[in-house]
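Engineer: Take a look at the following structure, please.
The values are calculated or read from the model by the stated rules, or taken from the named source; none is laboratory data. Everything quoted here is computed from the prediction, not taken from an experiment. Every residue, glycine among them, receives a Cβ derived from its backbone with ideal geometry; neighbour counts consider all protein chains shown.
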Amino acid sequence: MILGSPLTPLEDILRNVLDWLHGSIGLSWAWSIVALTVIVRLLLVPLMVRQIHSMQNLQRHAPQMKELQKKYKADKKRQQEELMKFYRENNINPAASCLPLLAQFPVFISLYLVLRHFSKHPPPGDLSWLHGFVPNIAAHASSHWSGFVLLAIYVVSQLVSTLLMARTMLLVLPVAFVFFLVNFPVGLVIYWVTTNLWTVGQGLITRQMMPKPAPPPRRSSRTPPQEETPPEDGARDTATVPAPAAAPAAPKRVRRKRKKRGGARR
Amino acid sequence: MRYALRAPTYAGLAVVYAYRWTLGVLWGGRCKYHPTCSQYALDALRHYGLVRGSILACWRLLRCNPWSRGGVDYAEKQRLFR
């Protein structure tokens with residue numbers, strides 16, 4: 001109750017949207033929850049656009065940031081500080097921030113409360129397939145196979161979204177989380193699955209939209225010495241040999257130098 | 001006795017740690033500030049107690065939005081309470 005009272009407006013909105021989706025549009029309760037989730041995520045799309053912009057900006061500065069990381073390799077704290085300073089100086093706005101993440105939390109809690117309320121006073125209608133108001137997904141799974149399917153989809157979607165975020169060490173978590181989820185209303189699992197799938201799709205789109213400029217900057221950082229050396233050679237060559245002969249000779253020399261450097265590093 | 005007086009602060013710290021070990025791990029948001037928001041909250045609670053620490057932590061969370069610029073920001077260097 002204490003937690004419920006400040007969230008009542010949000011609960012009312014969610015309940016009304018769910019009612020509208022089910023009553024006016026005619027979706028089943030389960031699909032209404034899916035639609036509701038999509039609406040919530042659509043509202044967050046502007047954030048995603050911002051995120052893409054800032055990631056592009058980050059990639060542009062990637063070589064300099066790598067240098068910074070190398071420089072302060074030993075001192076992780078100092079490394080973080082310097083990185084943050086670098087962001088500030090170059091007007092980079094890191095994509096991730098805490099508030100949008102936490103903002104999802106009240107929505108989740110409200111949805112939980114709404115679904116719990118519904119499950120106490122079930123609305124009339126078909127209750128068999130993926131009925132969103134079964135208070136406990138374990139009970140649902142034991143009575144109908146769709147519960148197991150839903151749980152399986154949840155695990156897969158959570159795994160994929162974790163992988164996309166490149167947090168391999170956390171792969172055990174979704175599996176462990178199933179035991180916790182088992183006591184949730186089915187509708188909440190539907191919400192979670194939909195959000196996860198959306199996150200995956202969003203991540204894939206973001207990846208597609210990102211050109212991978214990681215190799216070009218490396219080349220460009222190497223080109224300055226290349227450009228510096230050929231003119232010297234060229235200056236010497238033009239005095240003795242005609243220019244067209246000098247041009248093919250210069251790159252060959254550079255290539256050999258590169259190989260030697262590579263060998264020395266190894 | 002000293003520990004008893006600090007009980008509210010410990011409750012606040014427990015909340016932050018609870019977040020860290022559950023939702024923090026699951027959602028895994030990265031913070032744009034250094035130290036991260038949760039670390040800031042822990043520092044603020046330890047230094048300024050439950051009430052002022054919570055206010056500082058909330059203010060920091062509000063600043064950690066997509067339109068802010070982030071940066072280095074330690075709880076000890078706050079200018080809200082002097």
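Engineer: Kindly provide the set of residues from segment A:70-94 that are modelled with pLDDT under 75 and at the interface with chain B (Cβ under 8 Å from one of its Cβ atoms), ordered by number.
Structural biologist: A:88, A:91, A:93, A:94
Condition check ((1) at pLDDT 90 or above; (2) in contact with a Pro (Cβ under 6 Å, 6 or more places away or on another chain); (3) under 15 Å from residue A:99 (Cα atoms)) across all residues:
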position	(1), (2), (3)
B:2	no, no, no
B:13	yes, no, no
B:21	no, no, no
B:29	no, no, yes
B:38	no, no, yes
B:53	yes, no, no
B:64	no, no, yes
B:76	no, no, no
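Engineer: Given the structure, is residue A:49 more than 12 Å from chain B (Cβ to nearest Cβ) and either surrounded by 16 or more Cβ atoms within 10 Å (Cβ to Cβ) or at pLDDT 75 or above (or both)? Can you show your working first?
Structural biologist: On the way: more than 12 Å from chain B (Cβ to nearest Cβ): no; either surrounded by 16 or more Cβ atoms within 10 Å (Cβ to Cβ) or at pLDDT 75 or above (or both): yes.
In short, no.
Engineer: Follow-up. Which one is surrounded by the most Cβ atoms within 10 Å (Cβ to Cβ), of the residues in segment A:62-85 that are within 16 Å of residue B:32 (Cα to Cα) and under 23 Å from the mean Cα position of the chain (by Cα)?
Structural biologist: Here the residue is A:84.
Engineer: Of (1) buried (at least 19 other Cβ atoms within 10 Å of the Cβ); (2) more than 10 Å from chain A (Cβ to nearest Cβ), residue B:40 satisfies all except one. Which?
Structural biologist: Result: residue B:40 passes all but (2).
Engineer: For segment A:38-86, name all the residues that are aromatic (Phe, Trp, Tyr) and either under 30 Å from residue A:108 (Cβ atoms) or not in a helix (DSSP H, G or I) (or both).
Structural biologist: If the condition is that a residue be aromatic (Phe, Trp, Tyr) and either under 30 Å from residue A:108 (Cβ atoms) or not in a helix (DSSP H, G or I) (or both), then A:72 is the only one that fits.
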